[in-house]
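Reading through the structure tokens given below for one structure.
The values are calculated or read from the model by the stated rules, or taken from the named source; none is laboratory data. Keep in mind the model is a prediction, meaning the values are calculated, not measured. All Cβ positions, even for glycine, are placed from backbone atoms using ideal geometry, and neighbour counts span all protein chains on display. Remember, those area values only see protein heavy atoms, side chains included, never the ligands or the DNA or RNA. Shrake-Rupley method; radii C 1.70, N 1.55, O 1.52, S 1.80 Å.
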Amino acid sequence: MKSPLLSLPGAVPAEGRDEGVAAHYGDLFREQRALADGKGLVDLSHRGVVAVTGDDRLSWLHLLLTQHMSDLPPGQATEALILSANGHIEHALYLVDDGETVWAHVEPGTQEALIGYLESMKFFYRVEVTDRTEEFAVVHLPAGSIAEAPEGVVVRETAHGRDLFLPRADLESFAAGNGPAAGILAYEALRIESHRPRLGFETDHRTIPHELGWIGSAVHLQKGCYRGQETVARVHNLGKPPRRLVFLHLDGSEVLLPGHGTAIRLAADGDEGRQLGFITTSARHHELGPIALALVKRNVPVDAELMAGDTAAAQELVVEP
């Protein structure tokens, strides 16, 4: 779904999973600085929007998601995962309940599979699951923004800013009155800086929540059964995850950033060294320079100098080894 904000001056379309919105509007660092200062907005209208209504919505979602949902107060933001039977991450949901409906935004293109799973688990519960992506666009206002959400618009507020579930027909007019618009690359740079994982970027087919620091923020350890809970409990109580998320400062002299999947090795071992992990997301930050998130084996020393392909990388701890 192509955003109308791609018609704004300077807009350069994003590619890959973020296709449909702008990568930037001509000045990546200016856009980052504006967001860091609490100004402007980010067009996330390519993300899927799913709504769950019905009297049993919270108790039903409590049974399916990794998060404690049964007592979620109206207006309180939360996030949750859906796991496979083996505890691997399949979906990530960013949620808020408005008193009548649970609204969630999810990764672009994943809503159909998510709804398929939810529909298969309805049984006799009084719930309805609806894809609202064509009607509603997600817009992000950064932390500190003084922009006001239009009356009646559902808002999901976190420490990182507010996500608005805006009627898609109002997207252009809202952006015109609350800009400047910042592209997805600026948003991603700040996400990397704050060590926040993203489904499909920091995850692969075998990722478990412990590897990314999602325990606590998206996984509640004191709630009842859900699919994959046995793996979550076993790793938390008896073991350690096989990999861990790290934040990397990259050598700023390199022209190209190492892309997703770039091999991580010990600098001391050179190109022939054993692969210890891979880059998940990289970006150019307006203050920190080239940065990245990566998944590495748990036993990689926390003070080890690393190489991401041909680029030197110094690590910061995100998930304890």
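From Pro321, Pro258, which residue is modelled with pLDDT of 95 or more and either assigned to a loop (DSSP other than H, G, I, E, B) or within 26 Å of Leu185 (Cβ to Cβ) (or both)? Outline the logic, then answer.
Numbers: Pro321 fails: modelled with pLDDT of 95 or more.
One residue alone meets the criteria, Pro258.
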_Selected residue (criterion: most open to solvent (accessible area, probe 1.4 Å)) from residues of region 15-33 that are under 18 Å from Gly48 (Cα atoms) and part of a loop (DSSP other than H, G, I, E, B)_ = Glu15
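Does at least one position in region 243-258 carry a residue that is loosely packed, with under 13 Cβ neighbours inside 10 Å and closer than 14 Å to Ala292 by Cβ? Even if it seems obvious, please write down each step before you answer.
Taking region 243-258 and keeping what is loosely packed, with under 13 Cβ neighbours inside 10 Å, we get 252-253, 255-256.
If we keep only those that are closer than 14 Å to Ala292 by Cβ as well, we get 252, 256.
Within region 243-258, one or more residues are loosely packed, with under 13 Cβ neighbours inside 10 Å and closer than 14 Å to Ala292 by Cβ.
Looking at Ser253, Ser282, which is the one that is closer than 22 Å to Gln315 by Cβ and in a loop (DSSP other than H, G, I, E, B)? Before you say what the answer is, go through the steps one by one.
Values: Ser282 fails: in a loop (DSSP other than H, G, I, E, B).
Sole residue among the options that is closer than 22 Å to Gln315 by Cβ and in a loop (DSSP other than H, G, I, E, B): Ser253.
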*Do you know which residues across region 123-146 are open to solvent by less than 20 Å² (accessible area, probe 1.4 Å) and either of a type in the set (A, V, I, L, M) or part of a strand (DSSP E or B) (or both)?*
Val127, Val129, Ala137, Val138, Val139, His140, Leu141, Pro142
*(1) open to solvent by less than 30 Å² (accessible area, probe 1.4 Å); (2) assigned to a strand (DSSP E or B): which one isn't true of Ala312, the others all being true?*
(1)
_Residues that are in a strand (DSSP E or B) and in contact with a Phe, Trp or Tyr (Cβ under 9 Å, 6 or more places away or on another chain), drawn from region 147-167_ = Val154, Val155, Arg156, Thr158, Asp163, Leu164, Phe165, Leu166, Pro167
*Which of the residues belonging to region 168-184 are under 22 Å from the mean Cα position of the chain (by Cα) and either in a strand (DSSP E or B) or not small (Gly, Ala, Ser) (or both)?*
Arg168, Leu171, Ala181, Ala182, Ile184
*Run Asp303 past the list (1) loosely packed, with under 14 Cβ neighbours inside 10 Å; (2) not in a loop (DSSP other than H, G, I, E, B) and report the number of the one that doesn't hold.*
(2)
_Given (1) part of a helix (DSSP H, G or I); (2) in contact with a helix residue (DSSP H, G or I) (Cβ under 9 Å, 6 or more places away or on another chain); (3) buried (at least 17 other Cβ atoms within 10 Å of the Cβ), identify the lone condition not met by Ile192._
(2)
_Out of the residues in region 203-230 meeting the condition of being open to solvent by 20 Å² or more (accessible area, probe 1.4 Å) and of a type in the set (S, T, N, Q), tell me which one is farthest from the chain's Cα centre (by Cα)._
Gln222
